[in-house]
Amino acid sequence: MKKKGHPLLGIHSALMMIFIYVPIVLVMVYSFNNTRLSGDWKGFTLDWYVSLMKDRHVMEALMNSLVIAVISTVVATLLGTISALSMRDFARKWKGPLNGVLYMPVIIPDIIMGLSLLVLFSQLQIPLGKSTVMIAHITFSMSYVYVVVNARLAGMGRQLEEAAQDLGATYWQTFRYVTLPQITPGIISGALIAFTLSLDDFMVSFFVAGPSSTTLPIYIYGQVKRGISPEINALCTLLILVSITLILLAQYVLNRGKGQKKHKMLPF
Amino acid sequence: MKRTGLLSMLVVGVLAISLLAGCSSKEKLHIYSWADNFDETVISDFEKEFNVDITYDIYANNEDLLAKIKAGGGGYDLIQPSDYMVETMIKNNLLEPLDKNNIPNYVNIADTFKDPAFDPDNKYSIVYTSGVTGIAYNKKYIKDPIDSWEDLWNPAYKGKVLLLDDNREVIGMALKKQGFSNSTTNETEIKAAVDNLKTLLPSVLAFDTDTIKQKMIQEEGWISTVWSGDAAYIVKDNPDIAYVVPKEGATIFSDNYAIPKGAKNKALAEKFINYMLDPKVSAANYEAIGYSDPNVKAMEFHSETYRNNKMINLSEDELNRVEWLSDVGDSLQIYDRYWTELKSGRE
């Protein structure tokens, strides 16, 4: 029997949805508006998207964002997966505190993370630039990968691996043919989340960015201070679409991997 | 196996691209400035002429810039702080003195902008562009002649007045209105100005800096405090807007060239400043970005429309009654306190 919630809960959720999505939808709608001034609707146009493509600085910021996102995703995914795997073998006594440490970047406010990394880099006299932004992104997105892969590992149990080893598989064979295929969906969705986070991050990047490492979010922020132009709306629309696509993809991959079982949503 | 192959190819590819990008043998000039502050053609001409690569990163306000430079420089060679921020940066020992021998075109700068209060003798900075915070109003709704800050207080414009969302600008305006310096450190004067501003509150539609232009263009507001450069921008979209520098005087501001302490390519940055001050380059640059050009020698290369634009080229008479905002030191806390009081009193 299905349990029905209080009717007010439904209204509450509807209001929440409106509250969250109306501003985003507005930005998207106005990105097609045929006038420089944001107020009224003056007809449909794709001009803003065209002029975006022609803008050297936007394209540079886009390239920066992509290069940083791809590299930091690859590294963070590797590191996150490896730590999840190694944590599995730790004695329970250590697991708690170590888990806590690995979860930390998920919880720490961005501004503190950015500031502390900036202090660290200037103490070590590492010149700010793309590499520092990548290191920063790896630092926080690694934790997200860890969380997802860890959940996957916890859910799968040891029976299959034990069976494989009973049947004579070496350690590597077990990993390659039994463990890895099982956690691949977790790794992929972790990677997609890492990519999205890197692409969207403003606060941390802002602190650790140096010459020629202006990412799209930093660029957008700087532009808005000059007045909100329709190009910015177009740029935001593109960024939102890419992010939503990646997150949906992550969900899909994770759910498919879990088979028929109804899967809980990602924790964010 | 296929997936791993693809992934590793991707990694190698991206690494190769980023390495190549970092390996170019050309000299590099790292600029840190406001968004869209230069004409693209002028920049790429400089790159070609002197065989250098320019990187151009942007910040959104002076405080962001200060944070970055204070935290360790960020590796930039050329920055564009506003007037009061130049003063703050000098005090914090964050700027390199400019070598004028490398900038012979400095002589082209109008006398009004040489030796400013925030940087005597232009030791650390050279003005890039400037403007005055005056009154913009819509002639369609406002028929009375406007020439004084007092006009903002006119009850006929109730609910149609827009003010910049900026502590020093707005309190400075009220100070000028009463004949005080816009950078006074006398609390009685500040208090008098803020008390006066409180009587304006019922008329105020909004405190807004980021979209004040849009609000004026779309006629949500009739009268507002605006920067002269923004006024020039507004007029392009709404020709009914007029701009005036009130008779009591007003605040002048500027964005400047400066070189952060420890910049690696100081000489190149100076070469760039000198290049930008060349009359022809200067004309092309300011014509494109639409800000005011402090370069007197460039005037002959400017278009007729540019030269006749009274919001870009303020008259000598108008420039005679302006004052720079200067660093008020610890008194800034007084300004902050009264500002918060003023804005929270609105609710």
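FYI, it's all coordinate maths here, none of it is from the lab. Here the structure is a predicted model, which means the values were calculated and not measured. For neighbour counting, all protein chains shown are included, and Cβ atoms are generated from backbone atoms with ideal geometry for every residue, glycine included.
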Q.
Using alpha carbons only, how many angstrom separate the centre of region B:215-232 from the centre of region B:144-174?
A. 12 Å
Q. Mind listing the phi-derived Karplus ³J(HN,Hα) values for region A:137-154, rounded to whole Hz, using 6.51, -1.76 and 1.60 with θ = phi - 60°, and x for any glycine or proline?
A. 5, 4, 4, 7, 6, 4, 4, 5, 4, 4, 4, 5, 5, 4, 4, 4, 4, 4
Q: Report, ordered by chain and residue number, the aspartates and glutamates lying within cross-link reach of A:Lys130, taken as a straight Cα distance under 20 Å and ignoring same-chain residues fewer than 8 apart.
A: A:Glu60, A:Asp110, A:Asp200, A:Asp201, B:Glu27, B:Asp53, B:Asp57, B:Asp64, B:Asp77
Q) Which distance in nm do the two modelled labels at A:Arg92 and B:Leu201 give, with both placed 7 Å along the Cα-to-Cβ direction? A) 6.2 nm
Q: Tell me the label-point distance for the pair B:Arg321, B:Lys140, using the 7 Å Cα-to-Cβ offset, in nm and rounded to one decimal.
A: 2.9 nm
**Q.** Under-5 Å amide H pairs with B:Val226, H placed in peptide plane, nonlocal only
**A.** B:Gly134, B:Ile135, B:Ala136
Q. How big is the C-alpha Rg of the protein assembly as shown next to the rule-of-thumb value 2.2 N^0.38 Å, as a ratio?
A. 1.13
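Using 1/(1 + (r/R0)^6) with R0 = 35 angstrom and r between the beta carbons of B:Met299 and A:Tyr49, what's the FRET efficiency to the nearest 0.05?
Efficiency for this residue pair is about 0.35.
Here is the link list: A:Lys225/B:Lys91; A:Lys225/B:Lys213; B:Lys123/B:Lys247. Which ones come out longer than 20 Å on Cα distance? Could the numbers behind the result be given before it?
Numbers: A:Lys225/B:Lys91 27 Å; A:Lys225/B:Lys213 12 Å; B:Lys123/B:Lys247 32 Å.
A:Lys225/B:Lys91; B:Lys123/B:Lys247, as the Cα separations exceed 20 Å there.
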Q | Pairwise label distance in nanometres, A:Val29 with B:Asn92, each label 7 Å out on the Cα-Cβ vector | A | 4.3 nm
Q: May I have the extent of the alpha carbons of chain B along their three principal axes, as whole Å values ordered from largest to smallest?
A: 72, 56, 42
Q. Mind listing the phi-derived Karplus ³J(HN,Hα) values for region B:265-282, rounded to whole Hz, using 6.51, -1.76 and 1.60 with θ = phi - 60°, and x for any glycine or proline?
A. 10, 4, 4, 5, 4, 5, 4, 5, 4, 4, 4, 5, 8, 5, x, 5, 4, 4
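With n ≥ 4 as the cut-off for DSSP H runs, can you work out [θ] at 222 nm for chain B, using -39500 (n - 2.57) per run divided by the number of residues, rounded to the nearest 500?
-11500 deg cm²/dmol
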**Q.** Cα long-axis angle, helix A:110-123 against chain A (0 to 90 degrees, to the nearest 10)
**A.** 80 degrees
Q. Using only Cα atoms, what Kirkwood radius does region A:2-130 have, in angstroms?
A. 20.7 Å
Q) Roughly speaking, what is the centre-to-centre gap between region A:82-143 and region B:31-52 when only Cα atoms are used, to the nearest Å? A) 37 Å
(Q) Restricting everything to alpha-carbon atoms, can you work out Rg to Rh for region A:64-259 with a Kirkwood hydrodynamic radius? (A) 1.05
Q.
Rounding to the nearest 10 and keeping the result within 0 to 90°, find how far the Cα-based axis of helix B:40-50 lies from the longest principal axis of chain B.
A. 40 degrees
Q: For B:Lys261, list long-range residues whose amide hydrogen, built 1.01 Å from N in the peptide plane, is under 5 Å from its own amide hydrogen.
A: B:Leu95, B:Glu96
